[in-house]
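Here the structure is laid out as structure tokens; the discussion comes afterwards.
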Amino acid sequence: MTTAEIRLGQRSDRVSAVGSGRAVRSLTVAAQVGGIVGEVAFRPGQRVEAKDPLVVLENEAERISVDRAAAARDQAKATVDRYEVLARTSAVSTAQLEQARTDLAVAEADLAAARHALEQRTIRAPFGGIMGLTTLTAGDYLATGASIATIDDRSTLVIEFTIPEAAAGSVELGQPVRAALVSRPGDVFAGTISAIDSRLDPTSRSLSVEAEVPNADGRLIPGSTFSVELRIEGGDAPAVPGLAIQWDRNGAYVWRLKPDRAVERVSIAILERGGSAVLVDAELSPGDLIVHEGGDQVRTGQTVAPVGDAAAEQPTELSARQAGEVDGRIH
């Protein structure tokens with residue numbers, strides 16, 4: 001039979017919640033200017049990249065304005081070039097040259113404004129994402145500010161959920177979570193907490209939390225319902241090897257060695273299993289020795305004595321949150 005030394009392990013409690021997913025970026029694309037639709041350049045459900053054209057409004061008048069402004073700019077530039085040559089021989093005054101330069105600057109500003117007006121006739125994607133439904137077709141009139149379609153950046157899905165007040169102080173940014181689709185419980189996705197509200201809801205006494213889940217393949221759809229689970233660290237509890245736990249009709253227990261080497265029964269309640277160690281609720285203290293293997297051969301009050309070489313009696317480090325073992329022999 002062997003003994004094990006009691007050490008403390010940290011409890012890990014689970015918090016479960018139901019949340020809703022949304023795209024990491026999402027908006028409704030709207031028209032900045034009004035006009036007749038010349039072309040709808042996307043299909044619902046299509047992936048577009050940032051700056052891709054979505055809708056092109058009829059723009060003949062704007063193109064004419066650009067050509068006119070360009071011609072005026074070219075004429076103003078030619079005038080400045082000519083005046084600069086003439087100014088060297090005093091054929092034109094300094095004031096005339098400066099006025100020509102001012103006229104050129106105004107012409108360049110007019111051209112920039114005309115080009116901007118033309119560019120506004122093309123409504124572009126603000127970022128890469130998936131386009132939603134639209135009812136627009138060529139020939140429709142699109143009013144200023146009218147909605148065109150939604151666009152969702154689904155590369156990452158944000159799951160919004162709430163946790164109870166009791167767990168509010170135990171969550172932190174970057175903490176891992178597990179999320180499963182309610183419609184497909186077998187599909188589990190790993191994510192991390194990305195945002196935590198600054199206050200509790202005064203009515204529900206809950207805290208709003210957001211977690212981000214990578215979604216590069218686009219399998220997760222915004223609006224889906226998720227079952228979310230995260231672990232929060234609880235208090236310390238005695239950790240015992242699983243083999244040390246005995247059972248009878250009165251429940252679980254372990255055998256503890258008293259200072260006089262007599263064994264006594266200590267009832268336990270299992271809190272959490274982790275690897276070969278089990279966290280328990282029991283009247284056990286760090287450093288207590290318990291029977292590890294061979295507990296079924298021990299009886300209350302039996303006197304035992306560890307035997308073996310000194311090296312074998314030293315505690316052996318186990319993995320995190322697991323009890324340490326001290327090898328020895330008991331009679």
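The values are calculated or read from the model by the stated rules, or taken from the named source; none is laboratory data. A quick note: this is a predicted structure, and the numbers were derived from the prediction, not measured. As a convention, Cβ positions derive from the backbone with ideal geometry for all residues, glycine included, and neighbour counts pool all protein chains shown.
So here's what we get for this one:
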{"read-out": "Hits in segment 123-176 (condition: among the β-branched types (Val, Ile, Thr) and part of a loop (DSSP other than H, G, I, E, B))", "value": "Thr134, Thr135, Thr137, Thr144, Val171"}
{"read-out": "Number of the exception - Arg43 against (1) over 32 Å from the mean Cα position of the chain (by Cα); (2) modelled with pLDDT of 95 or more", "value": "(1)"}
{"read-out": "Inter-residue pairs, beta-carbon under 6 Å, first under 24 Å from Arg14 (Cα atoms) and in segment 218-229, second buried (at least 17 other Cβ atoms within 10 Å of the Cβ) and aromatic (Phe, Trp, Tyr), 6+ apart", "value": "Val228/Phe161"}
{"read-out": "First in segment 109-123 and within 15 Å of Glu60 (Cβ to Cβ), second anywhere and polar (S, T, N, Q) and in a loop (DSSP other than H, G, I, E, B), Cβ under 8 Å, 6 or more apart", "value": "Leu118/Asn59; Gln120/Gln32; Arg121/Asn59; Thr122/Asn59"}
{"read-out": "Criterion (among the basic types (Lys, Arg) and either modelled with pLDDT under 90 or not assigned by TED's automatic domain parsing to the domain that holds Glu283 (or both)) met by exactly one of Arg265, Arg231", "value": "Arg231"}
{"read-out": "Members of segment 44-62 that are under 30 Å from Thr102 (Cβ atoms) and surrounded by fewer than 13 Cβ atoms within 10 Å (Cβ to Cβ)", "value": "Ala61"}
{"read-out": "Check on Val106, touching a residue at least 24 places away in the same chain (Cβ under 8 Å), outside the structural domain of Glu49 (by TED's automatic domain parsing) and in contact with a helix residue (DSSP H, G or I) (Cβ under 6 Å, 6 or more places away or on another chain)", "value": "no"}
{"read-out": "Inter-residue pairs, beta-carbon under 6 Å, first assigned to a helix (DSSP H, G or I) and in segment 73-90, second modelled with pLDDT under 95 and not basic (Lys, Arg), 6+ apart", "value": "Tyr83/Val92; Tyr83/Leu97; Leu86/Val92; Ala87/Leu97"}
{"read-out": "Members of segment 25-39 that are surrounded by fewer than 19 Cβ atoms within 10 Å (Cβ to Cβ), of a type outside the set (S, T, N, Q) and not in a loop (DSSP other than H, G, I, E, B)", "value": "Arg25, Leu27, Ala30, Ile36, Gly38, Glu39"}
{"read-out": "All positions within segment 112-142 that are farther than 16 Å from Arg47 by Cα and among the charged types (D, E, K, R)", "value": "Arg115, Glu119, Arg121, Asp140"}
{"read-out": "From Asp217, Asp281, Asp288, Asp260, residue being touching an Asp or Glu at 6+ places or on another chain (Cβ under 8 Å) and among the charged types (D, E, K, R)", "value": "Asp288"}
